[in-house]
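The values are calculated or read from the model by the stated rules, or taken from the named source; none is laboratory data. Computed from a predicted model, the values in this text were never measured in an experiment. As a convention, Cβ positions derive from the backbone with ideal geometry for all residues, glycine included, and neighbour counts pool all protein chains shown.
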Amino acid sequence: MHQTKNRWLMAMSAVGVHLPIGSVYAYSVLILPLYHLHGWSRSQIMIAFSLAILLVGLSAAFLGPRIERMGPRRAARWAACLYGLGIFMAGLAVKIGSLPLFITGYGVVSGVGLGIGYVTPVATLVKWFPDRRGLATGMAVMGFGFGSLLFAPIMVAMMHVLPIWLTLCSLALLYGGMIFAASCYLEPPPPGWTPTGSASPVSALAAASASTPTWEEIRAVLGTRRFICLWVMVFINVGCGISMIAMVSPMAQEIVGMTVAQATALVGIMGLFNGVGRFFWSSISDYFGRPQIFITFFLLQATAFFALTLTDSPIVFQILLLLIVTCYGGGFALLPAFLTDMFGAAMLGSILGYALIAWGISGTVGPLLLTQLTVWSGSYLPALYVFSAGMVLALCVGLYLFLHLRGLKRGIPDKAP
């Protein structure tokens, strides 16, 4: 007889997958050591990071149906192999001084593993938590947000006693082992399973999840107004938020006069708030609704970005920045739950990757826009005005989506014109 697994342990396994792949957010600690070791420019080194982030969405999008057919355990093990292999290749590249191999390993191979590892636990947890989808996805991606908080100091400590190449090779084995171990508990809920204390059986959900959506079904979803609106909202939320994360240290020093040590400490605190925001916002979205929380994000951030142009107080600067970071992280946690609300758990694994393409593109466009506007004007203020205006635009899209979802109940067509 099949023994149903504990869904809370399933959530811990999902966190176990996301923690090591979340180490990608600690990439900045490699930039200066690699620059001093081989003389690679910062822009050259950043190519690997940009490729890895871009391939999160692309690999998840194109491999989504295959991931669904594999099942979560096998897919997570592929993620362990690819992510670990990519980091190991990067270590060998540092050893021999090959920038192309470094970009291929860290940017391409680990990027594909990152995409598979990101989607797999999330798509699994929404099936185990049909009654609390926001909480489930929040727990999973909270691990991703905490990845840099955990592994950045580990990486720095290791590089004090080991060469950079050996540090990366050792971390590759650690990451791969952690993901593989966490994968051993991952599996979808059995047919007929119902959460304890829930009046809503999920046997239909489990049965639906056993079949992979066809390309025609996926394409139909991608053409809906609901999906397009959510994609735009994620694009703006991520683009503005990741730009602040990428540039926070120089901004803190130049706008409000924080010291280097204070700005460095702020970077670590941001990692904490990034993770907490993912759990907090997604959890309360189960009670207030996903569209309402996104609208709240954009109201808060439009105000916060504009307020940053007016303050010269380090304390106010940090409060506003940490508020933005919680909304940035919360958007990632709400995305899978929102997609499941609109299109069903069986569809999530196949369409989440297409939504995450917004992350990959905006993760490149946002920091580039901030850099160019700053160079052009000699100030951070124009970029902050643009980001505030972007949040107003996202707010309008969010309000439209909220009204559209209500209109669907009255028979308004969902296809984009």
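Does the range 137-153 contain any residue that is farther than 20 Å from residue 325 by Cβ, within 21 Å of the chain's Cα centre (by Cα) and part of a helix (DSSP H, G or I)?
Within the range 137-153 (the criterion being farther than 20 Å from residue 325 by Cβ, within 21 Å of the chain's Cα centre (by Cα) and part of a helix (DSSP H, G or I)), the answer is no, since none of the residues qualifies.
Only residues that are of a type outside the set (Val, Ile, Thr) and modelled with pLDDT of 80 or more: list them for the range 42-56, please.
Residues satisfying the conditions are 44, 48, 49, 50, 51, 52, 54, 55.
Could you tell me which numbered condition residue 116 fails, if it satisfies all but one of (1) of a type in the set (A, V, I, L, M, F, W, C); (2) in contact (Cβ under 8 Å) with a residue 60 or more places away in the chain; (3) buried (at least 24 other Cβ atoms within 10 Å of the Cβ)?
Going through the list (1) of a type in the set (A, V, I, L, M, F, W, C); (2) in contact (Cβ under 8 Å) with a residue 60 or more places away in the chain; (3) buried (at least 24 other Cβ atoms within 10 Å of the Cβ), residue 116 breaks only (2).
Look through the range 283-317, keep the residues that are of a type in the set (D, E, K, R) and either crowded, with 16+ Cβ neighbours inside 10 Å or in contact with a strand residue (DSSP E or B) (Cβ under 7 Å, 6 or more places away or on another chain) (or both), and return whichever of them is nearest to residue 402 (Cα to Cα).
290
Residue check: is residue 365 more than 25 Å from residue 18 (Cβ to Cβ), β-branched (Val, Ile, Thr) and part of a helix (DSSP H, G or I)?
no
Tally up the residues in the range 285-306 that are in a helix (DSSP H, G or I), modelled with pLDDT under 95 and of a type in the set (Gly, Ala, Ser), please.
Total satisfying the criteria: 1.
Name every residue in the range 250-266 that is assigned to a helix (DSSP H, G or I) and either at pLDDT 85 or above or crowded, with 18+ Cβ neighbours inside 10 Å (or both), in order of residue number.
251, 252, 255, 256, 263, 266
Hey, among 356, 403, 322, which residue is in the same structural domain as residue 239 (by TED's automatic domain parsing), touching a residue at least 60 places away in the same chain (Cβ under 8 Å) and either surrounded by fewer than 22 Cβ atoms within 10 Å (Cβ to Cβ) or assigned to a helix (DSSP H, G or I) (or both)?
356
Where residues in the range 127-162 are out of contact with any helix residue (DSSP H, G or I) (no Cβ under 6 Å at 6 or more places or on another chain) and closer than 11 Å to residue 26 by Cα, which of them is surrounded by the fewest Cβ atoms within 10 Å (Cβ to Cβ)?
153
Residues in the range 368-380 that are farther than 17 Å from residue 390 by Cα and outside any helix (DSSP H, G or I): how many?
Qualifying residue count for the region: 2.
Enumerate the pairs (first residue in the range 22-37 and farther than 8 Å from residue 152 by Cβ and without any contact (Cβ under 8 Å) to a residue 60 or more places away in the chain; second residue anywhere and of a type in the set (D, E, K, R) and surrounded by fewer than 17 Cβ atoms within 10 Å (Cβ to Cβ)) with beta-carbon separation below 7 Å, excluding pairs fewer than 6 apart on the same chain, so at least 6 apart or on different chains.
Qualifying pairs under 7 Å: 31/42; 35/42.
How about the range 62-84: which of its residues are of a type in the set (Gly, Ala, Ser) and modelled with pLDDT of 80 or more?
Passing the criteria: 71, 75, 76, 79, 80, 84.
Could you name every one of the helices (runs of 4 or more DSSP H) located completely within the range 1-70 that has at least 3 residues being surrounded by 18 or more Cβ atoms within 10 Å (Cβ to Cβ)?
Correct list: 7-21, 42-70.
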